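The values are calculated or read from the model by the stated rules, or taken from the named source; none is laboratory data. Note that this is a predicted model, so its numbers are computed, not measured. Please note: Cβ atoms are built from the backbone with ideal geometry, for glycine as well, and neighbour counts cover all protein chains shown. Each accessible area value is taken on the protein alone, full model and side chains, heavy atoms only, with ligands, DNA and RNA left out. Shrake-Rupley method; radii C 1.70, N 1.55, O 1.52, S 1.80 Å.
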Amino acid sequence: MTRLTPGFADPVLDAQASFRAILEAMSRPGRIQRIDARITPPAPLCSAAGATLLSLADADTPLWLDAGDAVAEWLRFHCGAPITPDIGAARFVVACGAAPSLEALDIGTDEDPQLGATLVLQVAGLVAGDGWRLTGPGIQHEHRLGVLGAPAGFVAAWARNQAFFPRGLDVLLCAGDSIAALPRSVMIAEG
C-alpha cells in the first residue's frame, strides 16, 4: 500500500487561494500565476497541477491521467474524482508525460460547449514576454508566453481546436508552482 501525502494544509483557504489563481489565469490568458498551495503531491505531479486538481476536480469530474497509480490514489482520496481509462470521457485530462492528441479529448457539443475537457498539461517551464504570441479575449493587444517543453505540433493542433469554437478545450499549463491558461477562445501564433 502506498503512503498518501497530505493535500492542502488548510483545505478551505488553500483551495480558495488556488481557485482565485486559476480564475485569474483563465481571465488573463497566458499570464503566469503562482499557486502557493504548500502541497507536495506524488511524483510526477507538480504542485501547481496538484493544487489545480484539488481545487477543481470532484466526484462528478472524471479524470484521465498518465501520472501513475500513486497520483491516481492521491486524487481519488483528496478530491473523490473517478479515474477513467477513456480519455474521451474525461472532464480533466492530466498529462505529466507526453501530451495526448488534442483531437482525442472531448470538445463538448453545440448545445453544451462547456462540457469540453480541460487539459492540465505539465511543462518544463513558463516564461513571460517570450515565445508564443497570444491574442483574443482577455488580452488587450497581444501577450507573449514561452512554454518550455511544449509538445511538438501543439500550435497547429490548437488552431484545429479553434475551428470548433465555441466547442473546444481549455488548457492549464503547469510548471512547478506556476500556472498559465489557454482558454479555447485564445489564438496562438509561433514567436
Could you work out what % of the accessible surface of the chain is carbon and sulfur, using a 1.4 angstrom probe and leaving DNA, RNA and ligands out of the count? 55 percent
Does anyone have the angle between helix 47-56 and the longest principal axis of the chain? Alpha-carbon axes, 0 to 90°, nearest 10? 90 degrees
Just the number please: accessible area per residue for the chain, 1.4 Å probe, all protein chains included, in Å². 47 Å²
Hey, what do the phi angles of the stretch 17-26 turn into as Karplus ³J(HN,Hα) couplings, whole Hz, using 6.51/-1.76/1.60 and θ = phi - 60°, x for Gly and Pro? 5, 5, 4, 4, 5, 5, 4, 4, 5, 5
At what distance in nm do the modelled label points of residue 38 and residue 98 sit from each other, each positioned 7 Å from its Cα along Cα→Cβ? 4.0 nm
At 222 nm, what helix-only mean residue ellipticity would the chain give, in deg cm²/dmol to the nearest 500, using -39500 (n - 2.57) for each DSSP H run of four or more? -7500 deg cm²/dmol
With x for Gly and Pro, the residue-by-residue ³J(HN,Hα) of the stretch 141-155, computed from phi through the Karplus equation 6.51 cos²θ - 1.76 cosθ + 1.60 at θ = phi - 60° and given in whole Hz, is 10, 8, 10, 10, 9, x, 10, 6, x, 5, x, 4, x, 4, 4
For residue 90, residues with placed amide H under 5 Å, excluding near neighbours: 106
Residue 126 long-range amide H proximity, modeled H, under 5 Å: 148
For residue 165 and residue 23 in one chain, what is 0.36 nm times their gap in residues minus the Cα-Cα distance, to one decimal in nm? 49.1 nm
Full-stretch length increase - residue 109, residue 84 - with 0.36 nm per residue and alpha-carbon distance subtracted: 7.0 nm
In this structure, the FRET efficiency calculated for residue 12 and residue 156 from their beta-carbon separation, with R0 = 30 Å, to the nearest 0.05, is 0.10
If I stretch the segment between residue 4 and residue 124 completely, what's the gain in nm (0.36 nm per residue apart, minus their alpha carbon distance), one decimal? 40.7 nm
